[in-house]
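Okay, structure first, notes after.
Throughout, read-outs are computed from the coordinates displayed, never taken from laboratory work. Because the structure is predicted, anything quoted here is derived from the model rather than measured. Backbone-built Cβ (ideal geometry, glycine too); neighbour counts: all protein chains shown.
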Amino acid sequence: MTLTTERPVAKTPPATWRTRLQGPAVFATVAVLALVVAPLLLEPFRLGLLAKYLVYAIVALGIGLAWGQGGMLVLGQGVFFGLGGYAMGMHLKLVEAQGDLPDFMVWSGVEQLPALWEPFANPVFALAMVVLAPMALATALGALVFRQRVRGAYFAILTQALAAAFVILLIGQQGLTGGTNGLTNFFELFGQDLALDETQRVLYIVVAVVLGLLYLGARQLVNSRFGRLLVAVRDGEDRVRFLGYNPATVKTVTFAISAGMAGLAGALFVPVVGIISPALLGVVPSLELVVAVAVGGRFALAGAVLGAVVMGYAKTTFSEQFAGGWLYLQGALFILVMTLAPRGIAGLLRRRRKETR
Amino acid sequence: MTALLEIRDLSVVFDGFTAIDGVDLTVDQGELRFLIGPNGAGKTTLIDVITGLTKPAAGAVRFGADDLTGRKEHEIVRLGVGRTFQTSVIFEELTVVENLDLAASFRRPLWALAGRRRGISEAVEHALTTTGLDELANEHARVLSHGQRQWLEIGMLLAQRPRLLLLDEPVAGMSLDERSRTGELLTEIAKDHTVIVVEHDMDFLRRYASQVTVLHEGRVLTEGSVEEVRANPKVQEVYLGRAREEADDAVR
């Protein structure tokens, strides 16, 4: 039995070798630019800034996955970023203290190393916690929340409240977390002097490579059956249930992956920028990255990465010229993108490519 | 014949309103059963209870050896009960074949979904040919017409190889041509599946139904072949009491 089509249907052009190689070609070009050209051309200060943008791009990648693909508007990624950052920061502080108490604890009148800190002296434990702590928290939260079918704006507000609460917790525990100042004054990482340009250049390469690998991994996930399922959950969670899948599990796994990425980014942020503090991971920084992902294009992973780098660069450049004006420009950009190009820069590029084909 | 679905003394209450009131229904293995009744008779509610969307106030729903009441929607699907909705809800951002593949993969553990789809599985191939959507396999589902969407949804059910299919008004909003094609599809499916169809359309019923259960105000009014049901004075009365046109349709 054949059923006739009623509407004429535009056939998608068959994938030729040209269209098939386009993606890898772009990726390779960007990789060469990031790994070879940038370290050669940029002065150390600018390269350090680029490293920071790329760190944020890792968080953005996770947001792209959770929000763009999975429809979960995560407004509190700063929490996971912070968990990763503090895990790394605690380890660096302990190494630097060489068996004594970290400096800020002495100033706060703490006399004995808190039990929470002890295992972080072990680099393997600290590095594992960088990823595992955020993933565990996200899994616990997701299991609780998604099973109760909390979604949409309610979920978004919940994550944001979590970020706000996390900041209050960090500030309140002065002796344990360094309070408002956070953890800073890092001098070395695995025996390397962090003040050296050479160390910072290696760090930049590490960040770029980690971002590249995570991007490829996330892309693989998006193109897998799981990725199709994730999109299906985004567009029709109830329908997915009647296909025999539990959407809560799919969402929890994705949320945990995005949290793990944010944690890893937080850990890389610490040696690159030299500080981790509550101000860097509260509601505002969390929102800024969501805005960046929206501007770059949340439905494409590359758009999320691009958004983080572009907005990071724009923030630095603009703030150098007009201090304090950035917030308005950022808000205006967000409104502009949301009303005129809801698919962001990536959506505009894709549309142009289709038109020129 | 063994009973596949056995509903006993089922009641559903919404905020004090009794939508289903002591319904008994038995559907045998391999049967094609039509559920009809005027608006508000409780047809869709009955389907909702079987599939776990609505919790009953009292009564039992047995499916083979399992009790379905109190189970979650996806668990019931995993036991082998599939359904469509009045308004088709396919995944527009996925292609036709991806929609089918997603439906067919539901028994795989989650980690096994991490790989890319390579080629087309047998179940998907079968669903494509049965529904006649082969030509559109790689198109995004959003370009499909209303009828094609319904067929895709039925195809997704088939790809899951369910033991019981529940179709909620499959021909609502379809053109005459689409209706008869859906009828052919239904006949084809009913050959090797147990199917329950909720339908309003009397013409469709006359052409494709054999066994019919009539619901009225939450109760089973009568059961039997199409001829028996149409000849039943109580059925005529129910439809007469409702709307002249519908009644003419039903008894003609």
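Residue by residue, here is whether (1) within 11 Å of chain B (Cβ to nearest Cβ); (2) among the basic types (Lys, Arg); (3) more than 28 Å from A:Ser286 (Cβ to Cβ) holds:
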| site | (1), (2), (3) |
| --- | --- |
| A:Leu230 | yes, no, no |
| A:Asp235 | yes, no, no |
| A:Asp238 | yes, no, yes |
| A:Phe242 | yes, no, yes |
| A:Ala248 | yes, no, no |
| A:Phe255 | no, no, no |
| A:Ala262 | no, no, no |
| A:Ala265 | no, no, no |
| A:Val270 | no, no, no |
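Here are B:Val77, B:Val81, B:Val97: which of them is among the hydrophobic types (A, V, I, L, M, F, W, C), at the interface with chain A (Cβ under 7 Å from one of its Cβ atoms) and within 16 Å of B:Gln160 (Cα to Cα)? Don't jump to the end; show me each part of the working.
Numbers: B:Val81 fails: at the interface with chain A (Cβ under 7 Å from one of its Cβ atoms); B:Val97 fails: at the interface with chain A (Cβ under 7 Å from one of its Cβ atoms).
The match here is B:Val77.
Pairs linking a residue in the stretch A:305-327 that is in contact (Cβ under 8 Å) with a residue 12 or more places away in the chain to a residue that is surrounded by 18 or more Cβ atoms within 10 Å (Cβ to Cβ) and of a type in the set (Ser, Thr, Tyr), with Cβ atoms under 7 Å and 6 or more positions apart or on different chains, are A:Val305/A:Tyr215; A:Ala308/A:Tyr53; A:Ala308/A:Tyr56; A:Val309/A:Tyr53; A:Gly312/A:Tyr53; A:Gly312/A:Tyr56; A:Tyr313/A:Tyr53.
Checking B:Thr95, B:Thr2, B:Thr44 one by one, the residue that is within 19 Å of B:Val197 (Cα to Cα) and either surrounded by fewer than 22 Cβ atoms within 10 Å (Cβ to Cβ) or touching a residue at least 60 places away in the same chain (Cβ under 8 Å) (or both) is B:Thr44 and no other.
Within the stretch B:164-185, if we keep just the residues that are part of a helix (DSSP H, G or I) and within 10 Å of chain A (Cβ to nearest Cβ), the residue that is farthest from B:Asp66 (Cα to Cα) turns out to be B:Asp177. Of all residues assigned to the stretch A:276-289, none qualifies as being within 14 Å of another protein chain (Cβ to nearest Cβ) and under 30 Å from A:Trp326 (Cβ atoms).
Here the stretch B:112-158 is the region considered, the condition is being more than 8 Å from every other protein chain (Cβ to nearest Cβ) and of a type in the set (Val, Ile, Thr), and the residue that is farthest from the chain's Cα centre (by Cα) is B:Ile120. Residues that are at the interface with chain A (Cβ under 10 Å from one of its Cβ atoms) and part of a loop (DSSP other than H, G, I, E, B) were ranked within the stretch B:100-111; the one that is nearest to the chain's Cα centre (by Cα) is B:Phe106.
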